[in-house]
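The block underneath contains the structure these notes are about, expressed in C-alpha coordinates.
The values are calculated or read from the model by the stated rules, or taken from the named source; none is laboratory data. Since the model is a prediction, treat every value here as computed from it, not as a measurement. Here the Cβ positions follow ideal geometry from the backbone for every residue, glycine too, while neighbour counts run over all protein chains shown.
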Amino acid sequence: MDNVVLIVHLILALCLIGVVLLQRSEGGGLGLGGGGGGGLVTSRGAATALGKVTWAFAIAFIITSLTLTIIAAQNSASGSVLDRLGIATPESGVEPSEVPDADSLLPPVGDGSSGGNLLPRADE
(Lines give C-alpha, C1' and ligand atoms only; values in the text may rest on other atoms or scores of the structure.)
Protein backbone atom coordinates (compact mmCIF):
# COMPACT_ATOMS: atom_id res chain seq x y z
CA MET A 1 0.00 0.00 0.00
CA ASP A 2 2.73 2.45 0.94
CA ASN A 3 4.60 1.80 -2.32
CA VAL A 4 1.51 2.68 -4.33
CA VAL A 5 1.02 5.91 -2.40
CA LEU A 6 4.71 6.74 -2.80
CA ILE A 7 4.59 6.22 -6.57
CA VAL A 8 1.45 8.38 -6.84
CA HIS A 9 3.18 10.99 -4.68
CA LEU A 10 6.22 11.09 -6.97
CA ILE A 11 4.06 11.33 -10.09
CA LEU A 12 2.10 14.18 -8.50
CA ALA A 13 5.35 15.95 -7.65
CA LEU A 14 6.55 15.74 -11.25
CA CYS A 15 3.17 16.89 -12.59
CA LEU A 16 3.11 19.78 -10.13
CA ILE A 17 6.59 20.87 -11.19
CA GLY A 18 5.59 20.67 -14.85
CA VAL A 19 2.39 22.66 -14.39
CA VAL A 20 4.15 25.36 -12.39
CA LEU A 21 6.83 25.68 -15.06
CA LEU A 22 4.15 26.01 -17.76
CA GLN A 23 2.52 28.98 -16.06
CA ARG A 24 3.13 32.45 -17.32
CA SER A 25 5.26 34.58 -15.07
CA GLU A 26 3.28 37.59 -13.82
CA GLY A 27 6.34 39.63 -12.98
CA GLY A 28 8.44 38.46 -15.88
CA GLY A 29 10.98 36.98 -13.49
CA LEU A 30 12.72 34.89 -16.14
CA GLY A 31 12.04 37.27 -18.98
CA LEU A 32 9.64 34.78 -20.52
CA GLY A 33 5.92 34.76 -21.06
CA GLY A 34 5.56 36.99 -24.09
CA GLY A 35 2.79 39.41 -24.52
CA GLY A 36 -0.57 40.01 -26.03
CA GLY A 37 -2.43 38.72 -28.96
CA GLY A 38 -5.90 37.30 -28.75
CA GLY A 39 -6.86 33.90 -29.92
CA LEU A 40 -8.76 30.83 -29.00
CA VAL A 41 -7.14 30.59 -25.60
CA THR A 42 -6.30 33.94 -24.11
CA SER A 43 -3.57 34.32 -21.50
CA ARG A 44 -6.13 34.92 -18.76
CA GLY A 45 -8.11 31.79 -19.63
CA ALA A 46 -4.97 29.67 -19.74
CA ALA A 47 -3.83 31.06 -16.41
CA THR A 48 -7.17 30.23 -14.85
CA ALA A 49 -7.12 26.67 -16.17
CA LEU A 50 -3.50 26.15 -15.18
CA GLY A 51 -4.24 27.68 -11.80
CA LYS A 52 -7.03 25.19 -11.19
CA VAL A 53 -4.86 22.28 -12.29
CA THR A 54 -2.06 23.54 -10.04
CA TRP A 55 -4.42 23.72 -7.08
CA ALA A 56 -5.70 20.20 -7.78
CA PHE A 57 -2.17 18.78 -7.99
CA ALA A 58 -1.13 20.69 -4.86
CA ILE A 59 -4.09 19.40 -2.82
CA ALA A 60 -3.48 15.83 -4.01
CA PHE A 61 0.24 16.21 -3.21
CA ILE A 62 -0.54 17.37 0.34
CA ILE A 63 -3.00 14.51 0.85
CA THR A 64 -0.44 11.92 -0.28
CA SER A 65 2.18 13.59 1.94
CA LEU A 66 -0.08 13.27 4.96
CA THR A 67 -0.94 9.68 4.02
CA LEU A 68 2.73 8.76 3.77
CA THR A 69 3.37 10.41 7.14
CA ILE A 70 0.58 8.41 8.78
CA ILE A 71 1.81 5.15 7.21
CA ALA A 72 5.37 5.85 8.37
CA ALA A 73 4.17 6.64 11.90
CA GLN A 74 2.23 3.39 12.07
CA ASN A 75 5.20 1.36 10.83
CA SER A 76 7.57 2.95 13.34
CA ALA A 77 5.32 2.47 16.37
CA SER A 78 7.41 -0.55 17.46
CA GLY A 79 10.38 1.51 18.62
CA SER A 80 12.94 4.12 17.77
CA VAL A 81 15.46 3.98 14.96
CA LEU A 82 18.30 3.67 17.46
CA ASP A 83 16.67 0.60 18.99
CA ARG A 84 16.38 -1.06 15.59
CA LEU A 85 20.02 -0.28 14.75
CA GLY A 86 21.23 -1.73 18.04
CA ILE A 87 23.08 1.38 19.14
CA ALA A 88 23.76 1.31 22.83
CA THR A 89 22.04 3.83 25.03
CA PRO A 90 22.54 4.39 28.75
CA GLU A 91 19.09 2.91 29.41
CA SER A 92 19.80 -0.29 27.48
CA GLY A 93 22.63 -1.40 29.78
CA VAL A 94 24.80 -2.37 26.81
CA GLU A 95 28.38 -1.11 26.71
CA PRO A 96 29.00 1.22 23.77
CA SER A 97 31.52 0.09 21.19
CA GLU A 98 35.05 1.36 21.58
CA VAL A 99 35.47 4.91 20.37
CA PRO A 100 38.44 5.38 18.03
CA ASP A 101 41.42 7.35 19.28
CA ALA A 102 41.30 11.05 18.35
CA ASP A 103 44.80 10.87 16.81
CA SER A 104 43.61 8.29 14.28
CA LEU A 105 40.94 10.70 13.07
CA LEU A 106 43.44 13.45 12.17
CA PRO A 107 44.83 13.77 8.64
CA PRO A 108 48.31 12.34 8.08
CA VAL A 109 51.32 14.56 8.58
CA GLY A 110 54.04 14.82 5.92
CA ASP A 111 57.21 12.79 6.47
CA GLY A 112 59.52 15.78 5.89
CA SER A 113 60.87 14.62 2.54
CA SER A 114 58.51 16.94 0.66
CA GLY A 115 58.79 19.75 3.16
CA GLY A 116 55.74 18.64 5.11
CA ASN A 117 53.43 19.35 2.20
CA LEU A 118 51.08 16.49 1.31
CA LEU A 119 50.15 17.96 -2.08
CA PRO A 120 52.39 17.36 -5.09
CA ARG A 121 54.29 20.32 -6.50
CA ALA A 122 53.07 21.86 -9.75
CA ASP A 123 56.25 20.89 -11.67
CA GLU A 124 55.90 17.17 -10.93
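Would you confirm whether any residue within segment 16-31 is assigned to a helix (DSSP H, G or I), among the polar types (S, T, N, Q) and modelled with pLDDT of 80 or more?
no
Looking at the structure I just gave you, is VAL53 modelled with pLDDT of 70 or more, surrounded by 14 or more Cβ atoms within 10 Å (Cβ to Cβ) and either at negative phi or of a type outside the set (Lys, Arg) (or both)?
It is true that VAL53 is modelled with pLDDT of 70 or more, surrounded by 14 or more Cβ atoms within 10 Å (Cβ to Cβ) and either at negative phi or of a type outside the set (Lys, Arg) (or both).
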